[in-house]
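Student: Have a look at the structure that comes next, please.
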Amino acid sequence: ARERHERKEARRAAGKGEAPDLLRETMKLYGSRGYLTHRTERYDAALKRRFDLFGCVDGLAIGHGRTVAFQATSWDNTSARVKKMKASKLLQAALAAGWTAVIVGWRRDSAGRLEHKEVWIEAESDQV
């Protein structure tokens, strides 16, 4: 706990503030676009672990006639999440059923503001 507190203080002293909750930021992003959002990841206190829907979906955004499954992550971890989503047979079945999926990668710009990039996942016909 002390080490975590020291890292937090170091970030604050560097002008970066606290680490953002990337899932919350992603839900706010899609909410601002007119979607209803829902967190699908759950926490198992006994195992002290988080579990995503289909093993790769943090939340859903529903609106504008579509369902968007999203994964929130750091900017640098985006490509690993793309591979994980493409490998999920359950997600591929959802995509074939008309869902869309996106990985939202986040980082701070040089002024300390959050910025994001979105990588959309397409259904792979050989996996469904």
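The values are calculated or read from the model by the stated rules, or taken from the named source; none is laboratory data. Note that the coordinates shown come from a computational prediction; the quantities given were computed from them, not determined experimentally. All Cβ positions, glycine included, derive from the backbone under ideal geometry; neighbour counts span all protein chains shown. Surface accessibility is based on the protein's heavy atoms, side chains included, excluding ligands, DNA and RNA. Shrake-Rupley method; radii C 1.70, N 1.55, O 1.52, S 1.80 Å.
Student: Using the structure shown, decide if Ser79 is under 23 Å from Glu124 (Cβ atoms) and among the hydroxyl-bearing types (Ser, Thr, Tyr).
Tutor: Working: under 23 Å from Glu124 (Cβ atoms): yes; among the hydroxyl-bearing types (Ser, Thr, Tyr): yes.
Here the answer is yes, as Ser79 does meet what is asked.
Student: Related question: Scanning segment 87-128 for residues that are among the hydroxyl-bearing types (Ser, Thr, Tyr) and open to solvent by less than 40 Å² (accessible area, probe 1.4 Å), which turns out farthest from Arg24 (Cα to Cα)?
Tutor: Step one: filter segment 87-128 for residues among the hydroxyl-bearing types (Ser, Thr, Tyr), giving 88, 100, 110, 125.
Imposing the further condition that a residue be open to solvent by less than 40 Å² (accessible area, probe 1.4 Å) reduces the set to 88, 100.
Values: Ser88: 23, Thr100: 20 Å.
It comes out as Ser88.
Student: So Arg66 clears everything in (1) closer than 16 Å to Tyr35 by Cβ; (2) open to solvent by less than 30 Å² (accessible area, probe 1.4 Å) except one condition, right? Which one?
Tutor: (2)
Student: Tell me the residue from Ala111, Ala80 that is small (Gly, Ala, Ser) and under 16 Å from the mean Cα position of the chain (by Cα), please.
Tutor: When all the criteria are applied, what remains is Ala80.
Student: Only one of Arg49, Arg42 is at pLDDT 70 or above, open to solvent by 90 Å² or more (accessible area, probe 1.4 Å) and in contact with a strand residue (DSSP E or B) (Cβ under 6 Å, 6 or more places away or on another chain). Can you tell me which? Talk me through it step by step, then tell me what you get.
Tutor: Working: Arg49 fails: in contact with a strand residue (DSSP E or B) (Cβ under 6 Å, 6 or more places away or on another chain).
After applying the criteria, what remains is Arg42.
Every residue, every condition in (1) outside any strand (DSSP E or B); (2) at pLDDT below 95; (3) on the phi < 0 side of the Ramachandran plot; (4) not small (Gly, Ala, Ser), yes or no:
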{"site": "Ala61", "(1), (2), (3), (4)": "no, no, yes, no"}
{"site": "Ala69", "(1), (2), (3), (4)": "no, no, yes, no"}
{"site": "Ala93", "(1), (2), (3), (4)": "yes, no, yes, no"}
{"site": "Ser110", "(1), (2), (3), (4)": "yes, yes, yes, no"}
{"site": "His116", "(1), (2), (3), (4)": "no, no, yes, yes"}
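Student: Search segment 72-94 for residues that are of a type in the set (Gly, Ala, Ser) and pair each with any residue that is part of a helix (DSSP H, G or I) when their beta-carbon atoms are under 6 Å apart and the residues are at least 6 apart or on different chains.
Tutor: Ala72/Leu22; Ala72/Leu23; Ala72/Thr26
Student: Now, a different point. Kindly indicate whether any position in segment 52-59 is surrounded by 12 or more Cβ atoms within 10 Å (Cβ to Cβ) and among the aromatic types (Phe, Trp, Tyr).
Tutor: The initial filter retains those residues of segment 52-59 that are surrounded by 12 or more Cβ atoms within 10 Å (Cβ to Cβ), namely 52-59.
Add one more test, that the residue is among the aromatic types (Phe, Trp, Tyr), and what stays is 54.
For segment 52-59, residues surrounded by 12 or more Cβ atoms within 10 Å (Cβ to Cβ) and among the aromatic types (Phe, Trp, Tyr): present.
Student: Identify all residues within segment 73-91 that are outside any loop (DSSP other than H, G, I, E, B), under 19 Å from Phe54 (Cα atoms) and among the hydroxyl-bearing types (Ser, Thr, Tyr); write none if there are none.
Tutor: From segment 73-91, those outside any loop (DSSP other than H, G, I, E, B) are 73-87, 89-91; that's our starting set.
Next, from what is left, pick out any that are under 19 Å from Phe54 (Cα atoms): 73, 77-87, 89-91.
Within segment 73-91, Thr73, Thr78, Ser79 meet the criteria.
Student: Restricting to segment 25-39, give me the number of residues that are open to solvent by 40 Å² or more (accessible area, probe 1.4 Å), out of contact with any helix residue (DSSP H, G or I) (no Cβ under 7 Å at 6 or more places or on another chain) and polar (S, T, N, Q).
Tutor: Qualifying residue count for the region: 1.
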